[in-house]
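Take a look at the structure set out below.
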Amino acid sequence: MEILITGYAGFIGFHASREFLRRGWKVVGIDNFCDYYNVKLKRDRAAMLKGQRGFSARELDICDLAGLQNVFAEESPDVVLNLAAQPGVRYSIDHPFVYQKTNLEGFLNILECCRHAAKVPKLVFASSSSVYGGNKKMPFEESDQVDTPVSLYAATKKANELMAHTYSHLYKMQTIGLRFFTVYGAWYRPDMALSLFADAMLHDRPIKVFNNGDMLRDFTFVDDIVNGIVRVVEAGNLPLYDVFNIGNHKSEKLLDVITVLAESLGVKPKMEMLPMQPGDVYATYASIEKLNKAVGYEPTTTIKDGIPVFAKWYREYHGL
Ligand SMILES: NC(=O)c1ccc[n+]([C@@H]2O[C@H](COP(=O)([O-])OP(=O)(O)OC[C@H]3O[C@@H](n4cnc5c(N)ncnc54)[C@H](O)[C@@H]3O)[C@@H](O)[C@H]2O)c1
């Protein structure tokens with residue numbers, strides 16, 4: 001079986017590529033190595049995959065339709081896993097057009113290539129917990145209304161779900177959206193809170209704590225996310241179109257997360273309390289019942305087990 005993974009040099013894409021290779025899949029990776037964050041980290045992840053049996057990669061932008069069409073002419077993947085995206089809630093406030101390009105135009109290119117492929121693949125794509133916006137009802141369920149996003153990033157992810165639904169309806173191709181909830185682990189993204197905290201803590205700077213620390217997040221360890229992705233990719237019994245939450249089903253207090261991280265790094269944190277940031281949401285909390293019923297998904301990693309794994313990798317990778 002062959003899987004085409006876009007964004008393979010990204011945080012989740014790297015872990016997913018490794019796992020599919022381990023399971024004997026042929027993996028074709030696509031990434032444009034954009035400089036949203038440290039490109040060396042993406043190159044280092046890609047280098048870990050290069051040369052592995054069954055792996056090949058192309059440096060390509062999913063906005064390059066002709067380039068993407070060439071890939072689909074040469075490869076015939078059974079599954080396309082679309083993880084390439086411009087992520088980040090706060091960044092979307094100042095850089096709206098990158099989101100329009102990659103998340104909307106790029107995603108449309110993926111849909112079009114899948115639709116016209118000689119063998120139409122199953123499309124599994126990354127959505128986000130941010131589609132729930134400022135919803136108050138917890139935990140978030142897939143049947144909740146998601147019509148009131150509070151960032152452009154969230155709006156593009158919700159748009160992806162609508163676009164995918166349209167293609168499933170019109171062309172009978174299978175599309176499954178996965179709403180990831182704050183993923184973390186080794187080889188982590190440097191723009192995410194845990195990385196920013198670790199960097200500040202290890203350089204004896206105060207960490208910036210928004211909304212005075214009064215925030216709740218469903219933190220999901222990357223191995224659990226990958227386990228959920230694998231189950232969805234390999235399941236033969238899913239409907240033509242669906243969306244699922246993939247979270248940890250535990251909403252953690254931000255200050256507790258900071259405590260576990262500081263303990264894992266062996267430091268005492270200094271904190272600078274700041275107001276809520278535009279585009280941010282107060283809480284996320286995933287209901288995972290739907291994915292559990294569909295494919296038996298059950299996360300196993302608590303923050304007490306997962307954060308030390310991130311902390312150890314962070315120190316080693318940065319030589320700190
Ligand atoms: N990490 C999380 O907590 C989280 C939460 C919710 C949703 N998601 C979604 O999961 C997916 C993967 O996220 P991640 O954390 O691994 O992010 P990431 O930025 O580490 O990975 C994305 C990869 O896509 C590549 N990319 C970006 N634009 C591209 C383009 N136009 N063409 C080709 N490649 C491109 C980047 O170079 C990067 O390597 C994204 O769609 C993201 O929106 C992530």
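The values are calculated or read from the model by the stated rules, or taken from the named source; none is laboratory data. Small disclaimer: the values here were computed from a predicted structure and weren't measured. Neighbour counts run over all protein chains shown; Cβ positions are idealised from the backbone, glycine included. Surface accessibility is based on the protein's heavy atoms, side chains included, excluding ligands, DNA and RNA. Shrake-Rupley method; radii C 1.70, N 1.55, O 1.52, S 1.80 Å.
Results, tabulated for the structure shown:
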{"read-out": "Accessible area of region 247-312 belonging to carbon and sulfur atoms, whole % at 1.4 Å probe", "value": "55"}
{"read-out": "Solvent exposure ordering (accessible area, 1.4 Å, most first) of D191, D256", "value": "D256, D191"}
{"read-out": "Fully extended contour minus Cα-Cα distance, from N212 to E74, at 0.36 nm per residue", "value": "44.4 nm"}
{"read-out": "Solvent-accessible area per residue, Å², over region 99-180 with all protein chains present [probe radius 1.4 Å]", "value": "39"}
{"read-out": "Volume per residue that the Cα convex hull of region 87-243 spans, once the total is divided by residue count, Å³", "value": "138"}
{"read-out": "Value at 222 nm in deg cm²/dmol, rounded to 500, when DSSP H runs of n ≥ 4 in the chain each add -39,500 (n - 2.57)", "value": "-12000 deg cm²/dmol"}
{"read-out": "Degrees between helix 39-49 axis and first principal axis of the chain (Cα, 0 to 90, nearest 10)", "value": "60"}
{"read-out": "Environment charge of S17, counting only residues whose C-beta is closer than 12 Å and scoring Lys/Arg +1, Asp/Glu -1", "value": "+4"}
{"read-out": "Charge context of M273, other residues only, Cβ under 13 angstrom, K/R +1, D/E -1", "value": "0"}
{"read-out": "Carbon plus sulfur fraction of accessible area for region 49-91, probe 1.4 Å, in percent", "value": "45"}
{"read-out": "DSSP beta bridges in the chain [antiparallel fraction, %, rounded to 5]", "value": "5"}
{"read-out": "Accessible-area order (highest first, 1.4 angstrom probe) of the listed residues L65, L162, L4", "value": "L162, L65, L4"}
{"read-out": "Principal axis dimensions, largest first and in whole angstrom, of the chain by Cα", "value": "57, 44, 38"}
{"read-out": "Cα→Cβ-extended label distance, 7 Å offset, between H169 and K136, nm", "value": "3.1"}
{"read-out": "Around A66: net Lys/Arg minus Asp/Glu count, Cβ-Cβ under 14 Å", "value": "-4"}
{"read-out": "With DNA, RNA and ligands ignored, accessible area of M1 (1.4 Å probe; Å², nearest 10)", "value": "140"}
{"read-out": "Descending semi-axes in Å of region 173-320, equivalent ellipsoid built from Cα gyration tensor", "value": "31, 17, 12"}
{"read-out": "Separation in nanometres of the label points that stand 7 Å from Cα toward Cβ, at E272 and A118", "value": "5.8"}
{"read-out": "Convex hull of region 259-320 built on C-alpha atoms - directionally averaged projected area, nm²", "value": "6.8"}
{"read-out": "DSSP-loop trypsin sites (Lys or Arg not before Pro) across region 94-179, with at most 15 other Cβ within 10 angstrom", "value": "K119, K136, K137, K172"}
{"read-out": "Acute angle (nearest 10 degrees) that the helix 11-22 long axis makes with the longest principal axis of the chain, alpha-carbon atoms", "value": "60"}
{"read-out": "Accessible area (Å², 1.4 Å probe, nearest 10) - M215", "value": "10"}
{"read-out": "0 to 90° range, to nearest 10: angle between helix 65-74 axis and the chain longest Cα axis", "value": "60"}
{"read-out": "Listed residues S76, G24, C34: farthest to the positive end of the dipole of the chain (Cβ charges)", "value": "G24"}
